[in-house]
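Scroll down for the structure; my scribbles are underneath it.
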Amino acid sequence: MIKLEKLNRNEAVRYLGGSGIALNYRMDRLMDECEKEIIAKSSPKYLYVERDLPFEELMQGEDIKNHLDGCEKAIVMCATLGAEIDKIIRINQISDMAKAVVLDSFASVAIEQVCAKFDELIAEKYEGYFQTFRFSPGYGDYPIELQKSVLSMLDAPRKIGLATNENSLLTPTKSVTAVMGLSKTPIDRKKRGCAVCNMRDRCKFRRNGEHCGF
C-alpha cells in the first residue's frame, strides 16, 4: 500500500509553469488547500506483473526495444489516484477554474510520487538487479494503444477500476501505465531510474522536483 502524506510543492509550481516564482499570500493559501484536498481524496493503487524477456506483446516499436536492450525481465505496471480526483477537478472547473488548475498540478505531482514509491518497492524486491526508468505507451514510437493491452494483462479494470477510453487515454486520468526493465548487468546511465541511483538522497535535481535528464 502506498500512502501520500506530503506533495512536492516545487514540482506543483513547475506544473503550473512558474518554477522559481515567488508565491503571493493568496496563492500560497490556495496551494495549501489544494494539497490537503488531493491527499485526502487520493486512493493510490498499483498493480504489476513480471515478464521474462523477450516478451513479444510488449515489443512494439524501436524505442521500447532499445530501452529494454540487455534486460532479462520486464516489470509491467499501472498506478492510479482513483476516480475522486477527476471528480473534484471537474467540479472546480465549473465553479473555480484557478483552484481546478492548482488541484490538477498537485494531482500530477501525486501520481508521480506514487510511481516513484513503486520504483523503490521494485528496487527492494529485485535487489541485485539494475533497473531502468519507467517507459510508458505514448513515449516515442511506443504505441499509446498498448495501454489497453497493459491494463488487460494486469486485470486493472476489474481490480482497481483503471481503464481506457476510445482514444486509448486512461480513466481515471491521473493514472500511469509503464514498463521498466531489470538487468543483472549494469545498464546505460540514460536508462536508469532514480530508485537505484546512489545519488538519490543527495541529488540536487530531486530536491527541486526534477531528474538528471534521461
R0 = 41 Å: FRET efficiency of ASN10 with ASP52, Cβ-based, nearest 0.05?
0.55
Residues meeting the amide H criterion for LYS73 (H placed from the backbone, H to H distance under 5 Å, 5 or more places apart or on another chain) are LEU53, LEU182
Part-to-part distance (alpha-carbon centres) for the range 17-93 and the range 116-195, which is given in Å:
10
Output the pairs from LYS3/LYS184; LYS6/LYS159; LYS125/LYS159; LYS99/LYS159 with a Cα-Cα distance over 28 Å in this structure; if there are none, say none.
LYS3/LYS184; LYS99/LYS159
Can you pull the one-decimal nm distance between simple spin-label points at SER95 and ASP69, each 7 Å off the Cα toward Cβ?
5.3
Going by how many other Cβ atoms sit within 10 Å of their own, how do ARG51, ARG29 line up, fewest first?
ARG29, ARG51
How much net charge surrounds ALA156 when only other residues with a Cβ under 12 Å from its Cβ are counted (Lys, Arg +1; Asp, Glu -1)?
+3
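A short reminder: the numbers here are calculations on the coordinates, not readings from a lab. All values derive from a computational prediction rather than experimental measurement. Every residue, glycine among them, receives a Cβ derived from its backbone with ideal geometry; neighbour counts consider all protein chains shown.
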